[in-house]
1. Whose amide H sits under 5 Å from the amide H of residue 359, counting only residues 5 or more places off or on another chain, with H placed in the peptide plane?
2. Quick one: 3J(HN,Hα) in Hz for region 35-49, Karplus 6.51/-1.76/1.60 with θ = phi - 60°, rounded, Gly and Pro as x.
3. With a 1.4 Å probe and all protein chains left in place, how much accessible area per residue does region 250-317 have, in Å²?
4. What is the spin-label model distance, in nm, from residue 113 to residue 286 if the labels are put 7 Å beyond Cα along the C-beta direction?
5. Sort 222, 53, 391, 240 from largest to smallest accessible area, using a 1.4 Å probe on the heavy atoms of the protein chains.
6. Quick one: Kirkwood hydrodynamic radius for the chain, alpha-carbon pairs, angstrom, one decimal?
7. Using the Karplus equation 6.51 cos²θ - 1.76 cosθ + 1.60 (θ = phi - 60°), what ³J(HN,Hα) coupling, rounded to whole Hz, does each residue of region 314-320 give in order, writing x for Gly and Pro?
8. Tally up the carbon and sulfur contribution to the accessible surface of the chain as a whole percent, 1.4 Å probe, everything protein left in place.
Amino acid sequence: MAIWLKRSTAQADRASNDRNVRDVVEAALADIESRGDAAVREMSIRFDGWDRDDYRLSQAEIDACVDSLSPQERKDIEFAQTQVRNFARIQRASMTDVEVETMPGVVLGHKNIPLNSAGCYVPGGKYPLLASAHMSVITAKVAGVARVVTCAPPFQGKPARAIVAAQAMAGADAIYALGGIQAIGAMAIGTQTIDRVDMLVGPGNAFVAEAKRQLFGRVGIDLFAGPTETLIIADEMGCDPEMAATDILGQVEHGPDSPGILLTTNEAFARATMAEIERLLHILPTAEHARKAWESHGEVIVAESNDEMVAIADEIASEHVQVMTADPEFFLAHMTNYGALFLGARTNVSFGDKVIGTNHTLPTRQAARYTGGLWVGKFLKTCTYQRVTTDCASALIGEYCSRLCALEGFAGHGEQANLRVRRYGQRDVAYAGSASPTPETAA
């Protein structure tokens with residue numbers, strides 16, 4: 001049976017915090033619904049200290065952000081975007097339209113149809129997370145979305161130049177310097193100057209996540225997301241304590257509510273990793289955020305076997321799962337609940353976050369039990385169609401449909417089937433549940 005050397009201490013506060021966030025977001029969205037641009041502007045001034053007549057950036061402003069990049073910065077962004085685009089194209093190619101004759105005269109199919117518009121949120125209040133521009137805008141464009149709108153909060157009192165550049169280089173059609181609830185509400189609800197979109201995607205803080213949750217149904221969303229989560233599955237054969245500690249702290253620096261968990265079968269390795277975490281927290285530049293997260297949300301679990309680690313990991317259903325054990329492939333073969341897997345010491349969550357090509361917008365708070373992360377398929381609607389090409393097939397399907405409708409008591413449904421039976425069936429065949437003969441069949 002597994003033992004916990006360290007447990008999260010912050011679970012009790014979550015429900016109260018969630019209620020508070022929910023109430024704030026509900027009021028803000030109602031205000032945007034009622035007053036449009038005026039409400040958006042007031043919130044931008046209040047929350048971001050950011051006021052301008054039009055939050056959409058002009059082409060000149062966008063060009064200035066792109067031109068501000070050094071040659072190396074531009075090369076690095078282009079490299080990351082190439083990796084994301086390449087993998088998105090591979091994913092898109094895996095989704096094919098189908099059409100098949102399932103029985104003589106009955107043709108069924110589906111088409112993968114891109115959304116008409118999408119709104120991509122790029123966080124940037126604490127850190128300018130330009131990688132989110134790659135993950136959302138490029139993926140939407142590869143899917144074929146015609147209009148891609150982006151929002152990112154200002155950074156240090158002006159548009160975040162690297163984010164704006166990344167949004168433009170990724171192919172965004174409209175770029176707004178707007179953050180938080182006001183950005184999500186404006187894109188989903190629409191205002192006098194901002195046209196609404198069909199889907200919202202992208203990570204964000206608790207208020208952004210809650211705004212997406214409340215707007216789901218009015219628009220589509222990629223997934224319900226919360227603070228960044230990391231689970232490190234490791235042992236002494238797959239890595240050393242310094243690497244395990246570094247990879248935990250490298251993610252919990254996102255913020256004081258980001259869980260970081262170590263799962264291992266070796267108690268000595270676990271204790272050595274905890275000691276390394278304490279050492280690194282004295283030298284890590286972002287230790288202020290990382291320490292709060294580790295102290296409140298960090299966990300260390302020692303299991304008895306790989307099988308037990310799989311069971312625990314699937315129960316946790318973490319956003320990121322990094323496996324550094326003697327046999328990482330065992331976890332790929334057996335785990336079922338995770339946002340993304342990172343297999344072996346040569347890779348890590350940061351690679352996925354920034355550059356390797358897979359998407360970093362992933363499910364949190366155990367949503368990995370029922371969904372994967374953002375990908376090309378999120379921007380596509382798989383829509384079915386059907387075609388009946390012969391009289392015989394229409395009459396045959398109609399017979400079955402008529403009887404099944406009668407079982408359910410749907411007379412109107414049944415008459416739809418009966419009409420086809422009468423119209424297209426053999427004249428001398430009696431059909432169960434059919435109405436009186438039509439002039440065509442009685443002739």
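The values are calculated or read from the model by the stated rules, or taken from the named source; none is laboratory data. Note that the coordinates shown come from a computational prediction; the quantities given were computed from them, not determined experimentally. When we count neighbours, we look across all protein chains shown, and the Cβ atoms used for this are built from the backbone with ideal geometry, even at glycine. To get the accessible areas, we keep the full protein, side chains included, count just its heavy atoms, and leave off ligands, DNA and RNA. Shrake-Rupley method; radii C 1.70, N 1.55, O 1.52, S 1.80 Å.
1. For residue 359, no residues qualify.
2. 10, x, 4, 4, 5, 4, 5, 4, 5, 4, 5, 5, 8, 10, x
3. Working: 2860 Å² over 68 residues.
Result: 42 Å² per residue.
4. For residue 113 paired with residue 286, the spin-label model returns 4.2 nm.
5. On the way: 222 5, 53 145, 391 90, 240 70 Å².
Accessible-area ranking of 222, 53, 391, 240, largest first: 53, 391, 240, 222.
6. Working: mean 1/r = 0.0405 Å⁻¹.
For the chain, the Kirkwood estimate is 24.7 Å.
7. Going residue by residue, I get 5, 6, 5, 6, 6, 4, 10 Hz, with x marking Gly and Pro.
8. 53
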